[in-house]
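A short worksheet on the structure shown next.
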Amino acid sequence: MPDSSKPEFAAKLIDWHGLHGRKNLPWQNTCDPYPIWISEIMLQQTQVSTVIPYYVRFLQRYPNISTLAAASLDDVLAQWSGLGYYSRGRNLHKAARLIVEDHAGRFPDKIDAIQRLPGVGRSTAAAIAVFAFGKRYAILDGNVKRVLSRCFGMAGYAGLKRNEQRLWQKAEGLLPDAAEMRINNHVEVYTQALMDLGATVCTRAQPKCAVCPLQEDCLAFRESRVKELPSRRPGKKLPERETSLLILIRQGKILLEKRLPTGIWASLWCFPEISGAEDAYRYCSSRFGMEVKPLPPMDEFHHTFTHFKLRIRPLPLQVVSLSSKAALERDAEVKWFNRDDALDAAIPAPVRKLVAKIDNSRMPPSAMAPLERVE
Ligand code: SF4
């Protein structure tokens, strides 16, 4: 599709949106920047259907910037539980406090100030500026990258700076101006249309080219390159690390500890972690004053982070005696959870996966019963 067809590209999208676009999502039909911001952050890497219940609950609990700023980080992360990518929740909380301190509690309306908020990148700032303030900025989220790469036959992994810059130039060049569109809220409708097309038609797997409004001019479709675009990350093996997680069970409850505020799974509740070389029995004894015995084993599995793969070895252990119960209970960073409370807490995805596997039928009755020895 040549650049001279810019008004046509936008017109086709806008017409398509009139018929098939999403117009009644809970964060639409408002220009209040707060709910728009929350939705844009939740929608990063996450599908609309997953986000909706979290969004509704979050807005009920924190209806505005000041309630979010006044909340504890723990509470915000617990609300985020299950949505994944917890750094988004941490950044929302940090940004709300910053808005209260630096902007007198009013969400900034200048794109530079929006983009300086923690967790807000260029595309998210642009989406907020478009939907909340009607400003004319291009967005380039994952869905839009895919539509542009395919439609304009743009090869090259978008994770590389120079390829991403080319996509930004294309996105900016395609932005319609009001005169071209002859509708009042043209930027909002165009932006929503582009997002919706990427999410519902030009999907990653099995795009619906037969019903796509851009099909006629789409280079990937014309040249049968839909499957190869967008270009994937060049094959590079991620380094592997390994860890052992101690699943300590006592009277049907599991021990979780709050991690430090930095590093992986920062500030989240997690099973105590030891290195592969450490002796689990000695560790439990010296750190918690516990005597433990093995429970039926659980399979190892991998969890992939952006820069490495983590091989996780779960070690289910039953606590048979505890010499310093009082000391353990005084430690605010260590807590016994029953299974349902753990699933409601701010826990990372691999811990969630393991907690979900701990059920009464799998555990010997002794793991659920009171301690065998007097503490
Ligand atoms: Fe995507 Fe197919 Fe439409 Fe091209 S024709 S933009 S590949 S859905």
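How would you rank 54, 34, going from fewest to most other Cβ atoms within 10 Å of each one's own Cβ?
Ordered by Cβ neighbours within 10 Å, fewest first: 54, 34.
Of 293, 135, how do they rank once you tally other Cβ atoms within 10 Å and put the fewest first? Mind showing how you got there, number by number?
Numbers: 293 13, 135 16.
Exposure proxy ranking, most exposed first: 293, 135.
To make sure I understand the rule: partners must be lysines, Cα under 22 Å from the Cα of residue 335, and not fewer than 8 residues away in the same chain. Which ones qualify?
Counting by Cα, and skipping residues close in sequence, residue 335 has these lysines nearby: 253, 258, 293, 325, 353, 357.
Can you give me the long-range amide H partners of residue 321? Hydrogens built in the peptide plane at 1.01 Å from N, cutoff under 5 Å, separation of 5 or more residues or another chain.
Residues meeting the criterion, in which the H sits 1.01 Å from N, are 291.
Just to confirm the number: angle between the C-alpha axis of helix 142-151 and the first principal axis of the chain, 0 to 90 degrees, nearest 10?
40 degrees
So which lysines pass the test for residue 135, namely a Cα distance under 24 Å, with those fewer than 8 places away in the same chain ruled out?
Here the lysines satisfying the reach criterion relative to residue 135 are 6, 12, 23, 110, 145, 170.
Taking 0.36 nm per residue of separation and subtracting the Cα-Cα distance, what length does fully extending residue 203 through residue 301 add?
On the way: separation 98, 0.36 × 98 = 35.28 nm, distance 2.88 nm.
Full extension from residue 203 to residue 301 adds 32.4 nm.
Could you work out [θ]222 nm for the chain from helices alone, using -39500 (n - 2.57) per DSSP H run of at least four and dividing by all its residues? Round to the nearest 500 deg cm²/dmol. Provide the component values of the computation, followed by the final result.
Numbers: 18 runs with 162 residues, N = 375.
My calculation for the chain gives -12000 deg cm²/dmol from helical runs alone.
Mind checking which lysines have their C-alpha under 21 Å from residue 236, skipping anything on the same chain fewer than 8 residues away?
Candidates past the 8-residue exclusion: 161, 227, 309.
Would you mind giving the three semi-axes, in whole Å and largest first, of the ellipsoid equivalent to the range 122-189 according to its Cα gyration tensor? Intermediate results must be reported in sequence, preceding the final value.
Working: eigenvalues 107, 36, 15 Å².
Sorted largest first and rounded, they come to 23, 13, 9 Å.
All other residues with a Cβ under 10 Å from the Cβ of residue 300 taken together, and with Lys, Arg as +1 and Asp, Glu as -1, what is their net charge? Provide the component values of the computation, followed by the final result.
Working: positive: 311, 313; negative: 242, 299.
Result for the neighbourhood of residue 300: 0.
Counting other beta carbons within 10 Å of each residue's own, what order do 351, 334 fall into, fewest first?
Values: 351 25, 334 17.
Ordered by Cβ neighbours within 10 Å, fewest first: 334, 351.
Cα centroids of the range 1-71 and the range 298-317: how far apart, whole angstrom?
Cα centroid of the range 1-71 versus Cα centroid of the range 298-317: 34 Å apart.
So what J values fall out for the range 79-84 if you push phi through Karplus, 6.51 cos²θ - 1.76 cosθ + 1.60 with θ = phi - 60°, rounded to Hz, Gly and Pro as x?
5, 7, 3, x, 7, x
At a threshold of 8 angstrom on Cα-Cα distance, excluding pairs fewer than six apart, so keeping six or more, what relative contact order does the range 193-324 reach in percent?
It rounds to 24 percent for the range 193-324.
Which of the trypsin sites (Lys or Arg not before Pro) found in the range 1-105 are in a DSSP loop and have at most 14 neighbouring Cβ atoms, other than their own, within 10 Å?
Working: sites: 12, 22, 23, 57, 61, 88, 90, 94, 97; in loops: 22, 23.
When the trypsin sites (Lys or Arg not before Pro) of the range 1-105 are filtered for loop state and at most 14 Cβ neighbours within 10 Å, 22, 23 remain.
Calculate how steeply helix 6-20 sits against the longest principal axis of the alpha-carbon atoms of the chain, using the helix alpha-carbon long axis, and give the answer as 0 to 90 degrees to the nearest 10.
Approximately 60 degrees, to the nearest ten.
If you fit an axis through the alpha-carbon atoms of helix 186-200 and take the longest principal axis of the Cα set of the chain, what angle between them do you get, 0 to 90°, nearest 10?
The answer is roughly 50 degrees.
A short reminder: the numbers here are calculations on the coordinates, not readings from a lab. What you see is a predicted model, and the numbers here were worked out from it, not measured in a lab. Virtual Cβ from ideal backbone geometry, glycine too; neighbours counted across all protein chains shown.
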